[in-house]
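**Student:** One structure follows; several queries about it will come next.
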Amino acid sequence: MTKGEETKQFIIERSAPIFNTKGIAATAMSDIMEATQLSKGSLYVHFENKEVLAASAIDYNMELLFTKVQTAVNQQRTAKDKLFAFVDALKDPLSPPVTGGCPMMNFGTEADDTNQLVKNKVNQAFDSGEQTIVNIIEQGIKDGSMNPDWNYREFAVMMFAMIEGGIVMSRVAGNIAKMNIITKNIKKMINEELL
């Protein structure tokens, strides 16, 4: 990496938790200046404006989340254990894998009616998460451990929606009681499809 690329990456890494915690609209360039100890001019050398920086920060937060979830999943061998690891990686929204909480939830809620670029990024992240679940279940069907008649594509949508809904409910309530109910029931549904 060149010095300029290193500085750009540094700015993204320092600003990502701020955008994920405060939101795009509420994050000021002065917040980024404080976090990076760089001048406004230095920031604008690397990013045309706050929106361009925010888009990079969103990508960084999403990649960080998916890397942490994928790492947990990849440590397991069976399809069932991989699905359980996916759930468990996100089961405590009060101690999220990414500072500020789930970036899909945070940015999706903020941008659903206001920012098409961010909305598209979040939608792609949803699709990617659902596809990860689909791929795991297809592995389980292929290896004979899961019901081949399972409507697993619909289940992937439901599982992902339940987790995301549990995240927002838990963060608003300040406890994970409802998320515990959700994760317990997702695991029960998975167990019902095992052979």
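**Student:** Starting from residues that are of a type in the set (A, V, I, L, M) and buried (at least 18 other Cβ atoms within 10 Å of the Cβ), keep the ones in segment 23-32 and report whichever is nearest to residue 13 (Cα to Cα).
**Tutor:** The selected residue is 32.
**Student:** Could you tell me which numbered condition residue 152 fails, if it satisfies all but one of (1) in contact with a helix residue (DSSP H, G or I) (Cβ under 7 Å, 6 or more places away or on another chain); (2) surrounded by fewer than 19 Cβ atoms within 10 Å (Cβ to Cβ)?
**Tutor:** For residue 152, the failing item is (2).
**Student:** In segment 100-114, which residues are in a helix (DSSP H, G or I) and not acidic (Asp, Glu)?
**Tutor:** 103, 104, 105, 106, 107, 108, 109, 111
**Student:** Turning to a different aspect of this structure: Quick check on this structure: which one of 157, 98 is touching a helix residue (DSSP H, G or I) at 6+ places or on another chain (Cβ under 7 Å), surrounded by 19 or more Cβ atoms within 10 Å (Cβ to Cβ) and either over 22 Å from residue 176 (Cβ atoms) or touching a residue at least 12 places away in the same chain (Cβ under 8 Å) (or both)?
**Tutor:** After applying the criteria, what remains is 98.
**Student:** Let me ask another. Any idea how many residues of segment 46-64 are part of a helix (DSSP H, G or I) and loosely packed, with under 14 Cβ neighbours inside 10 Å?
**Tutor:** Here the count works out to 2.
**Student:** On the given criteria, is residue 119 closer than 26 Å to residue 165 by Cβ, in contact with a helix residue (DSSP H, G or I) (Cβ under 7 Å, 6 or more places away or on another chain) and surrounded by fewer than 19 Cβ atoms within 10 Å (Cβ to Cβ)?
**Tutor:** yes
**Student:** Let me ask another. Can residue 139 be described as surrounded by fewer than 18 Cβ atoms within 10 Å (Cβ to Cβ), under 21 Å from residue 153 (Cβ atoms), in contact with a Ser or Thr (Cβ under 8 Å, 6 or more places away or on another chain) and not hydrophobic (A, V, I, L, M, F, W, C)?
**Tutor:** No.
**Student:** Could you grab me the full set of residues in segment 115-154 that are in contact (Cβ under 8 Å) with a residue 40 or more places away in the chain and not in a helix (DSSP H, G or I)?
**Tutor:** Scanning segment 115-154 gives 115, 143, 144, 145, 146, 147, 150.
**Student:** Residues in segment 10-43 that are under 24 Å from residue 111 (Cα atoms) and of a type in the set (S, T, N, Q): how many?
**Tutor:** 5
**Student:** Identify the residue in segment 79-95 that is in contact (Cβ under 8 Å) with a residue 60 or more places away in the chain and assigned to a loop (DSSP other than H, G, I, E, B) and, among all such residues, is farthest from residue 22 (Cα to Cα).
**Tutor:** Checked segment 79-95; the qualifying residue farthest from residue 22 (Cα to Cα) is 91.
**Student:** Also, I was wondering about something else. Which of the residues that make up segment 168-177 are surrounded by 15 or more Cβ atoms within 10 Å (Cβ to Cβ) and either under 17 Å from residue 85 (Cβ atoms) or touching a Ser or Thr at 6+ places or on another chain (Cβ under 9 Å) (or both)?
**Tutor:** Listed by number, the residues that qualify are 168, 176.
Read the figures in this text as sums done on the coordinates, not as results from a lab. Here the structure is a predicted model, which means the values were calculated and not measured. As a convention, Cβ positions derive from the backbone with ideal geometry for all residues, glycine included, and neighbour counts pool all protein chains shown.
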